[in-house]
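The next block holds one structure in the form of structure tokens; read it before the comments.
The values are calculated or read from the model by the stated rules, or taken from the named source; none is laboratory data. This structure is a prediction, so every number in the text was calculated from the model and none was measured. Note that each Cβ is placed from the backbone with ideal geometry, even for glycine, and that neighbours are counted across all protein chains shown.
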Amino acid sequence: MHLGLGAFARAHTAVFTENAMLASGETGWGITGVTQRSDTVARQLAPQDGLFTVAERGEGAAPLRVVSSIVDAISGRDNPAAVVDRIAAPETLVLTLTITEKGYRIDPLTGSLNLEDAEVRADLEGRAPLTAIGQIARGLQQRSRTGTGPLTVVSCDNLPANGELTRTLVHAFAAALPPAEAEPLTAWLDAHVTFPSTMVDRMVPATTAGDLDAVEHELGLRDEAAVVAEPFMQWVIEDNFAAGRPRWEAAGALFSSDVAAWEAAKLRLLNASHSLLAYLGLAAGKETISDAVAEEAFFTAARRMMAEDVLPTITLPHGLDADEYCAQVLTRFANPALGHTTAKVGSDGSQKIGLRLLSTVSGNLDAGREPRWAALALAAWMRHVATTPADQLNDPLAAELHAALPASGAAADVVPALLGCRSIFDAELARNQGFADLLIHWYTIIDTHGLEGLRKEINHG
Ligand code: NAI
Ligand code: CS2
């Protein structure tokens, strides 16, 4: 079962699952996908029995491929009871997730479930659950009550320690139930459910109408569920499964006891550079990531952030070569055929920049080093927030961020104002005047001198 059957799940998890069956000869696995809206199911998947096309774009792209591992699809918003029933079903052994960073409804101050979130509270009060964590917890509760066996919940979202995090959130939901429910459910979860962490990697842009037209032309059929992806894909998984699972290793997945190192490398090297390029690209009017990385100054900024700010603060997983990894990331970003937009990568910034950049910032500050390039990424994000109208800022915290903005658009006012957002920046970092000055320095260059100023400062500063 997969919660959050969006573009990535189709291009990654569904492909790995079908490849596992093809490579191992083991059959019988099928994914029930959960989308948020019924129209996605009705328009895209149900009419074609869950079949969909993966169109790889870029050097080394494989031919079009129709994938058949999705065998059913339900709407989590319009049919939440069906989601609960399917999680509780005996034939469900693995539940994978790609619900986006915001889908976890984390309280940034506690790192656990936001129990003040109105949707979470409504799920706790007994409605058919509409939040992902509520659906998972109620599904597992129904599973425990019907004596159904163990299950493994596998987060595939870009979050550090995503398995432990998901476990924390589901247990927090259980603990917030009335004691007569909380105690037996918590005990059952401990005994029957595991939450392995994973690192997932494949650049999968939002499918456009142009993509669908191109697939129709190539395939000879209209496939509304088609997805576009780069040829590269990787999956590193903690081997902690409570019941059966597809033999994903036969499809090239790596089972590792060091997923945390893989996650740190990917989030803080690849995703942080992705965000840097997204916000610099948006400031310079670059529509795609490949357009942004084609700007020499932005390429240099991404390369130097990885080399000078990130690598000194992380321990790479055994066998991963730093120079090769960073060079490959920049080559992947430059793929002109992918069409990954700066707007999509720059979306939900309030949910991403902390995970991707702030450990690098604090690691350098603690070591007495200036996180020059990570500061550039954060300053570019701040300017994106300050210069994008609230109703056009694609971010779950758009209203909060805009409420924090000062009347003046001056860097010296905007930077402290956004550093004051406790849901993103902790008080200690916000008090670091040297860091604030660095942010103001970069913000001023972007805002006052634009691309020419950035070129001068990045290439010669
Ligand atoms: P998408 O927008 O195509 O799909 C997102 C899915 O999450 C949809 O099914 C949607 O219904 C569901 N969702 C969104 N908000 C939710 C919420 N508040 N509660 C429950 N479900 C919610 O996005 P895509 O490309 O599939 O990416 C999803 C996630 O996959 C990303 O946020 C990231 O964590 C992970 N990922 C994405 C990659 C990519 O390149 N697209 C690569 C690596 C990881
Ligand atoms: C991107 C990621 O949209 C974004 O935030 O940085 O989805 C990125 O494409 C993947 O993590 C690559 O594996």
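Out of T186, T194, I need the residue that is without any contact (Cβ under 8 Å) to a residue 40 or more places away in the chain, on the phi < 0 side of the Ramachandran plot and hydroxyl-bearing (S, T, Y). Which one?
From the options T186, T194, the qualifying one is T186.
Would you point out the residue of the stretch 374-400, among those that are more than 19 Å from R268 (Cβ to Cβ) and touching a Phe, Trp or Tyr at 6+ places or on another chain (Cβ under 7 Å), that is surrounded by the fewest Cβ atoms within 10 Å (Cβ to Cβ)? Let's see the steps before the verdict.
Of the residues in the stretch 374-400, the ones more than 19 Å from R268 (Cβ to Cβ) are 382-400.
Narrowing the set further to residues that are touching a Phe, Trp or Tyr at 6+ places or on another chain (Cβ under 7 Å) leaves 382-384.
Values: M382: 27, R383: 25, H384: 21.
Checked the stretch 374-400; the qualifying residue surrounded by the fewest Cβ atoms within 10 Å (Cβ to Cβ) is H384.
Output the number of residues of the stretch 35-49 satisfying the condition of being buried (at least 21 other Cβ atoms within 10 Å of the Cβ) and free of Cβ contacts under 8 Å to residues at least 60 places away in the same chain.
Within the stretch 35-49, residues that are buried (at least 21 other Cβ atoms within 10 Å of the Cβ) and free of Cβ contacts under 8 Å to residues at least 60 places away in the same chain number 2.
Since P205 meets every condition but one in (1) more than 21 Å from the chain's Cα centre (by Cα); (2) within 15 Å of ligand 2 (Cβ to nearest atom), which condition does it not meet?
The number of the failed condition is (1).
Working only within the stretch 63-111, note down all residues that are without any contact (Cβ under 8 Å) to a residue 60 or more places away in the chain and crowded, with 18+ Cβ neighbours inside 10 Å.
Passing the criteria: V67, S69, I74, S75, P80, V84.
Considering only the stretch 395-438, how many residues are touching a residue at least 60 places away in the same chain (Cβ under 8 Å) and among the hydroxyl-bearing types (S, T, Y)?
Number of matching residues: 1.
Can you tell me how many residues within the stretch 265-307 are without any contact (Cβ under 8 Å) to a residue 24 or more places away in the chain and touching an Asp or Glu at 6+ places or on another chain (Cβ under 7 Å)?
Total meeting the criteria: 0.
Just checking, which of A334, A297 is more than 23 Å from V15 (Cα to Cα), surrounded by fewer than 21 Cβ atoms within 10 Å (Cβ to Cβ) and within 16 Å of ligand 1 (Cβ to nearest atom)? Spell out the reasoning first.
Details: A297 fails: within 16 Å of ligand 1 (Cβ to nearest atom).
Step by step, each of A334, A297 is checked, and only A334 is more than 23 Å from V15 (Cα to Cα), surrounded by fewer than 21 Cβ atoms within 10 Å (Cβ to Cβ) and within 16 Å of ligand 1 (Cβ to nearest atom).
Give me the pairs, please: first residue somewhere in the stretch 228-241 and in contact (Cβ under 8 Å) with a residue 60 or more places away in the chain and in the same structural domain as S155 (by TED's automatic domain parsing), second residue anywhere and among the hydroxyl-bearing types (S, T, Y) and assigned to a strand (DSSP E or B), beta-carbon distance under 6 Å, and either six or more positions apart or on two chains.
Qualifying pairs under 6 Å: I237/T198; N240/T194; F241/T152.
Can you name the condition, by its number, that V54 falls short on among (1) away from ligand 2 (no atom under 16 Å from the Cβ); (2) modelled with pLDDT of 95 or more?
Checking V54 against (1) away from ligand 2 (no atom under 16 Å from the Cβ); (2) modelled with pLDDT of 95 or more, the one that fails is (1).
Residues of the stretch 383-410 being aliphatic (A, V, I, L, M) and out of contact with any His (no Cβ under 8 Å at 6 or more places or on another chain), which ones?
A386, L397, A398, A399, L401, A403, A404, L405, A407, A410
Being in contact with a strand residue (DSSP E or B) (Cβ under 8 Å, 6 or more places away or on another chain), over 22 Å from G244 (Cα atoms) and away from ligand 2 (no atom under 16 Å from the Cβ) is the filter here; which residues of the stretch 1-47 pass it?
T35, Q36, R37, S38, T40, V41, Q44, L45, A46
Which of the residues spanning the stretch 398-424 are under 15 Å from T444 (Cα atoms) and of a type in the set (S, T, Y)?
Residue satisfying the conditions is S408 alone.
For the stretch 210-227, enumerate the residues that are within 15 Å of ligand 1 (Cβ to nearest atom) and without any contact (Cβ under 8 Å) to a residue 60 or more places away in the chain.
Going through the stretch 210-227, the residues within 15 Å of ligand 1 (Cβ to nearest atom) turn out to be 211-212, 224-227.
Hit for the stretch 210-227 is L212, nothing else.
Filter the stretch 318-346 down to the residues that are within 10 Å of ligand 2 (Cβ to nearest atom) and of a type in the set (D, E, K, R) and list them by number.
R332, K344
Filter the stretch 128-143 for residues that are touching a residue at least 40 places away in the same chain (Cβ under 8 Å) and either of a type in the set (A, V, I, L, M, F, W, C) or in a loop (DSSP other than H, G, I, E, B) (or both) and give the result.
Within the stretch 128-143, A128, P129, L130, A132, I133, I136, A137, L140 meet the criteria.
Please name all residue pairs, on different chains or six or more residues apart, with Cβ atoms under 7 Å, provided the first residue is in the stretch 144-173 and is in the same structural domain as L357 (by TED's automatic domain parsing) and the second residue is surrounded by fewer than 20 Cβ atoms within 10 Å (Cβ to Cβ).
Going by the 7 Å Cβ cut-off, there are no qualifying pairs.
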